[in-house]
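Shown next, in structure tokens, is the structure this report addresses.
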Amino acid sequence: MSQLLRVHDFCVSKDGFGAGVGQSLERPFGHADPGLMFAWAGATASWPNRTEPGGSRGLDDYMTREVDRNIGAEIMGRNKFSPQRGPWLDHTWQGWWGDEPPFHTPVFVMTHHERPSFTLSDTTFHFVDGTPADVLAQARAAAQGRDVRLGGGAGTLRQFLDAGLVDTMHVAVHDVELGAGARLWHSPQELLDQFHLDVVPSPSGVVHHLFWRK
């Protein structure tokens with residue numbers, strides 16, 4: 001059985017940006033407001049950080065539940081892991097997620113500046129320099145037969161899309177314009193040479209774009 005490379009719940013603005021400009025420790029998404037971009041998922045019954053009962057059901061909730069199904073490893077770009085650029089000057093930085101990261105699998109962070117792996121709770125972070133195909137091979141080996149999730153950011157997704165490696169992708173398009181930042185696309189139509197596409201609006205206001213390889 002083949003191991004899929006899947007993208008889940010990746011949020012972009014209606015002008016195609018997955019994050020804004022000026023990423024920093026205080027603003028992981030730059031000038032973009034993550035509370036606005038991810039509000040649709042945070043309102044669902046299945047949102048993992050929910051602290052009170054309730055939450056919406058329906059399509060948004062289904063998409064939120066699908067994120068972890070049959071995932072055995074994660075790939076992300078360095079800018080999803082850290083605001084630092086260039087050589088690692090601070091190895092005490094261990095990501096945005098605290099002592100219990102939400103991944104629960106091996107995570108492969110793509111970077112030209114490798115550093116030693118480390119483990120927090122049940123998540124081990126590996127820092128790898130290689131082509132998308134090379135990194136995917138490592139992640140598939142670590143996933144032990146399960147699928148691999150491609151977590152972002154937008155530049156990392158484009159590398160894997162341009163290499164023809166993504167099997168399925170879910171992108172939630174929010175009705176806000178960022179104007180600048182990390183762009184996933186100018187239009188989702190750019191990907192129709194590789195993928196079938198269903199576009200499904202949600203009562204929450206986001207529009208879910210569901211891609212699967214031709």
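With respect to residue 32, determine if the residue is in a loop (DSSP other than H, G, I, E, B), aliphatic (A, V, I, L, M), in contact (Cβ under 8 Å) with a residue 60 or more places away in the chain and surrounded by 17 or more Cβ atoms within 10 Å (Cβ to Cβ). In short, yes. Is it true that residue 157 is touching a helix residue (DSSP H, G or I) at 6+ places or on another chain (Cβ under 6 Å), within 22 Å of residue 60 (Cβ to Cβ) and at pLDDT 95 or above? Considered against the rule, which asks whether it is touching a helix residue (DSSP H, G or I) at 6+ places or on another chain (Cβ under 6 Å), within 22 Å of residue 60 (Cβ to Cβ) and at pLDDT 95 or above, residue 157 comes out as no. The residues in region 186-214 that are buried (at least 20 other Cβ atoms within 10 Å of the Cβ) and under 26 Å from residue 22 (Cβ atoms) can be counted, and the count is 1.
Table: residues versus (1) touching a residue at least 40 places away in the same chain (Cβ under 8 Å); (2) among the basic types (Lys, Arg); (3) in a loop (DSSP other than H, G, I, E, B); (4) touching a His at 6+ places or on another chain (Cβ under 7 Å).
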| position | (1), (2), (3), (4) |
| --- | --- |
| 152 | yes, no, yes, no |
| 155 | yes, no, no, no |
| 164 | no, no, yes, no |
| 169 | yes, no, no, no |
| 172 | yes, no, no, yes |
| 177 | yes, no, yes, no |
| 180 | yes, no, yes, no |
| 186 | yes, no, yes, no |
| 190 | no, no, no, no |
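When you check residue 27 against the structure, is it part of a helix (DSSP H, G or I) and either over 17 Å from residue 184 (Cα atoms) or of a type in the set (S, T, N, Q) (or both), yes or no? Criteria not met by residue 27. Has region 94-112 got any residue that is part of a helix (DSSP H, G or I) and in contact (Cβ under 8 Å) with a residue 40 or more places away in the chain? Within region 94-112, not a single residue is part of a helix (DSSP H, G or I) and in contact (Cβ under 8 Å) with a residue 40 or more places away in the chain. The selection criterion, being among the charged types (D, E, K, R), without any contact (Cβ under 8 Å) to a residue 60 or more places away in the chain and assigned to a loop (DSSP other than H, G, I, E, B), does not hold for residue 134. I'd like to check something: does region 60-67 contain any residue that is assigned to a loop (DSSP other than H, G, I, E, B), touching a residue at least 40 places away in the same chain (Cβ under 8 Å) and on the phi < 0 side of the Ramachandran plot? Yes - at least one qualifying residue is present in region 60-67. Within region 116-130, is even one residue modelled with pLDDT of 95 or more, part of a helix (DSSP H, G or I), hydrophobic (A, V, I, L, M, F, W, C) and loosely packed, with under 14 Cβ neighbours inside 10 Å? No - not one qualifying residue is present in region 116-130. Would it be correct to say that residue 64 is hydroxyl-bearing (Ser, Thr, Tyr) and more than 17 Å from the chain's Cα centre (by Cα)? Considered against the rule, which asks whether it is hydroxyl-bearing (Ser, Thr, Tyr) and more than 17 Å from the chain's Cα centre (by Cα), residue 64 comes out as no.
The values are calculated or read from the model by the stated rules, or taken from the named source; none is laboratory data. Just so it is clear, the structure is predicted and the values come from calculations on it, not from any experiment. With ideal geometry, Cβ positions are generated from the backbone for all residues, glycine too; neighbour counts draw on all protein chains shown.
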